[in-house]
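This report concerns only the one structure given below.
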Amino acid sequence: ETGVTQSPTHLIKTRGQQVTLRCSSQSGHNTVSWYQQALGQGPQFIFQYYREEENGRGNFPPRFSGLQFPNYSSELNVNALELDDSALYLCASSLRENTGELFFGEGSRLTVL
Amino acid sequence: GENVEQHPSTLSVQEGDSAVIKCTYSDSASNYFPWYKQELGKRPQLIIDIRSNVGEKKDQRIAVTLNKTAKHFSLHITETQPEDSAVYFCAVRGGGGADGLTFGKGTHLIIQP
């Protein structure tokens, strides 16, 4: 069974730039959600995708957007990067019809300078 | 939206003693309460979860109790071991349909030898 994988693991951007983070969900999972974890804080829900459509969103502005592909992999895009966007971005997959237990990837650590 | 408070922020116990971490939540419609363990630089991993129709659940040295009336739930770890040292997060999924988890700010558990 293949776990959740994310890329890249680390990246550095400058303010105003755009970034794309990628996630491959665990085999058999059809739902992907993204979380932002600032240093010393708990993860914060950004949004969730099911069957290639966003079906839940947290308190994040529209410059945070995403995609889910037919193979259930996903992308998180952030436009007009701000310094406060520096964080660990976690992708989690789950099987919607199941318990809803989330399986997290190792994350992508974004630093905005 | 959902508000989750977690206490304490740091907990130091002697090896072999018990540890208890508590969380309160605000949305009475919340129906799923997982606990995640996150070691430094690692992904959050589910250690136990409970649903709203159950008051207590146990898995070896770990147990979770839920009081829906008071809107709080607790993680209990008995016979603590050095490998229990980590940051523990409680989380709540509301009944409002957004499906994302709302996390507490975390408890840094330190097991003293």
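For B:G106, nonlocal amide neighbours, meaning residues 5 or more places apart or on other chains whose placed amide H falls under 5 Å from its own, are B:C90. Counting only GluC sites (Glu not before Pro) that are in a DSSP loop and have at most 15 other C-beta atoms within 10 Å, tell me the longest site-free stretch of chain A. So the longest stretch without any such site is A:2-51. Where does chain B land on Rg(C-alpha)/(2.2 N^0.38 Å)? Normalised Cα radius of gyration, chain B: 1.02. Our coupling estimate for the range A:49-62, obtained by passing each phi through the Karplus curve with A = 6.51, B = -1.76, C = 1.60 and θ = phi - 60°, is 10, 9, 6, 6, 10, 6, 10, x, 9, x, 8, 10, x, x Hz, Gly and Pro reported as x. Of the GluC sites (Glu not before Pro) in the range B:29-113, the ones in a loop by DSSP (not H, G, I, E or B) with at most 16 other beta carbons within 10 Å are B:E39, B:E79. Peptide B:43-52 shows a mean partner chain C-beta count of 4 within 10 Å per residue C-beta.
Between A:E101 and B:I110, the distance separating the two model label sites (each 7 Å from Cα on the Cα→Cβ line) works out to 3.2 nm. Look at the alpha carbon pairs under 8 Å that are at least 6 residues apart: their mean separation over the length of the range B:1-48 gives a relative contact order of 31 percent. With N counted as the residues of the range B:9-71, its alpha-carbon radius of gyration over 2.2 N^0.38 Å works out to 1.24. The Kirkwood hydrodynamic radius of the protein assembly as shown, based on inverse pair distances between different Cα atoms, is 18.0 Å.
Semi-axis lengths, largest first, of the ellipsoid equivalent to chain A are 23, 14, 13 Å, with √(5λ) applied to each eigenvalue of the Cα gyration tensor.
Sparsely packed loop sites in the range A:37-113 (the trypsin sites (Lys or Arg not before Pro) outside DSSP H, G, I, E and B with at most 14 other Cβ atoms within 10 Å) comprise A:R51, A:R63, A:R96. Partner lysines whose Cα lies under 24 Å from the Cα of B:K37, excluding those fewer than 8 positions away in the same chain, are identified as B:K22, B:K57, B:K58, B:K68, B:K71, B:K105. With a Förster radius of 45 Å applied to the beta-carbon distance between A:S27 and B:A70, the computed FRET efficiency rounds to 0.70.
Between A:D84 and B:E79, what's the calculated FRET efficiency when r is the beta-carbon distance and R0 is 35 Å? Round to 0.05. After rounding, the FRET efficiency stands at 0.25.
Among residues other than A:R15 with Cβ under 15 Å from its Cβ, the summed charge is -1 (Lys and Arg +1, Asp and Glu -1). Placing pseudo-labels 7 Å out from each Cα toward the beta carbon at B:Q45 and B:S18 gives an inter-label distance of 2.5 nm.
A short reminder: the numbers here are calculations on the coordinates, not readings from a lab. Just so it is clear, the structure is predicted and the values come from calculations on it, not from any experiment. All Cβ positions, glycine included, derive from the backbone under ideal geometry; neighbour counts span all protein chains shown.
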